[in-house]
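The structure appears right after this line, and notes come after that.
Derivation of every value follows stated rules applied to the coordinates shown; laboratory data play no part. Just so we're clear, the structure is a prediction, and the values are computed from it rather than from any experiment. Positions of Cβ are backbone-derived with ideal geometry, glycine not excepted, and every protein chain shown enters the neighbour counts.
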Amino acid sequence: MLGIFDILLFHATIQAVTPILLAAWAGLICQRAGVFTIAQEGLMLGAAFSAVAGSWFIGDAFAGVAVAVVVGVVLSAILAAGGVWFKGDTIVIGIGINLLADGLTIFLLRQLFDIQGVFQDPRLQGLTPLRIPGIADIPVIGPIVSGQTWITYLAWVLVVVISVFLFRTSWGLRLRGVGEQPEAAETLGVSVRRYRTAAVLASGALCGLAGAQLSLGSVTLFSEGMSAGRGWIAVVAVMLGQAHPAGVLGASVLFGLADAIGLRMQGLGLPNQLTDAAPYVVTLIALALAVRRRKTA
């Protein structure tokens, strides 16, 4: 068992953490603004398909990422319109977005590429892993950290960016005020609707990056339902991390490690049905421990 904990596992963990972490940042920003969203699964799935379609039709991976971000923002605009401007139930709207993305990607896969299940083509351009000069040659650390996509590095840089934004800038202070005391924010001249709309649209862009990493970074293909519950895991990561950047990062790394271990165990011969369940088992255990801790606090 201990033999699986090697450099390749930790390299794979960083790769597995990326889409979860980006989707968790999306949920954190929305929650801080007072909008509870569960639409990350659908946003990520729609973006994953859009990234592949954009890359294939345009012939450029970066263009595919740009298309994925645009689609993520467009889908999140549904949540912004229904949940923020028309004061609908964000849970119901989020479920609707998830179902829409699931059905729409399956439909478009057949219409655009005349294929079912998995679309993979030699002409499809994926994201190129980056070798970091100076770090790549460091023993142990180099092989783990170097060789990831730029989206992965951006996801980790956002730990600092979001922390500074939320706790060191006036915009971040207003965003937290909108989420915690919207009536008081309104009396100070802060537009609750605008801040919440901006937060939801930003979450769509982040989920767009997460989807692009799934289909063009981790692999270079699209398969039906390839988000595989990562959006839901991101929702749990925000809850476990109590919408704090450090806590969300820790929870995301935990789930990413479980995902990477599951894939490694599958390679060692365990049934894929068992290994695929590993991240969700860890999620349930973490939720149970979190509830127990709150009850005893």
**Request:** Equivalent ellipsoid semi-axes for the chain, as square roots of 5 times the alpha carbon gyration tensor eigenvalues: give them largest first, rounded to whole Å.
**Result:** 30, 24, 19
**Message:** If you filter the range 6-92 for chymotrypsin sites (Phe, Trp or Tyr not before Pro), then keep DSSP loop positions with at most 11 other Cβ within 10 Å, what is left?
**Reply:** Phe86
**Message:** Given N residues in the range 114-268, what is its alpha carbon radius of gyration divided by 2.2 N^0.38 Å?
**Reply:** 1.27
**Request:** Identify the GluC sites (Glu not before Pro) of the range 164-213 meeting these criteria: DSSP loop state and at most 16 other C-beta atoms within 10 Å of the C-beta.
**Result:** none
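As an exercise, identify the trypsin sites (Lys or Arg not before Pro) in the range 83-174 lying in DSSP coil whose Cβ has no more than 11 other Cβ atoms within 10 Å.
Numbers: sites: Lys87, Arg110, Arg123, Arg131, Arg168, Arg174; in loops: Lys87, Arg123, Arg131.
Taking the range 83-174 and a limit of 11 other Cβ atoms within 10 Å, the loop trypsin sites (Lys or Arg not before Pro) found are Lys87, Arg123.
Mean residue ellipticity at 222 nm from the helices of the chain, using -39,500 (n - 2.57) per DSSP H segment of n ≥ 4 over the full residue count, to the nearest 500 deg cm²/dmol?
On the way: 13 runs with 208 residues, N = 297.
The helix-only estimate for the chain comes to -23000 deg cm²/dmol at 222 nm.
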**Karplus 3J(HN,Hα) series, Hz, for the range 243-252 with 6.51 cos²θ - 1.76 cosθ + 1.60 (x for Gly, Pro)** = 6, 10, x, 5, x, 5, 4, x, 5, 5
**Item:** HN-Hα J in Hz across the range 136-144 - Karplus 6.51, -1.76, 1.60, θ = phi - 60°, x for Gly and Pro
**Value:** 4, 8, 6, x, 6, 5, x, x, 7
**Request:** Please list the non-local residues whose amide H lies under 5 Å from the amide H of Gln148, H modeled 1.01 Å from N, same-chain partners needing a gap of 5 or more.
**Result:** Leu130
**Prompt:** So how do 151-157, 207-213 stack up, highest first, on mean other-Cβ count within 10 Å?
**Reply:** 207-213, 151-157
**Request:** Would you order Val118, Val282 from fewest to most other beta-carbon atoms within 10 Å of each residue's own beta-carbon?
**Result:** Val118, Val282
**Prompt:** What list of ³J(HN,Hα) values in whole Hz, one per residue of the range 225-233 in order, does the Karplus curve 6.51 cos²θ - 1.76 cosθ + 1.60 (θ = phi - 60°) give from phi, with Gly and Pro shown as x?
**Reply:** x, 6, 5, 6, x, 5, x, 5, 5
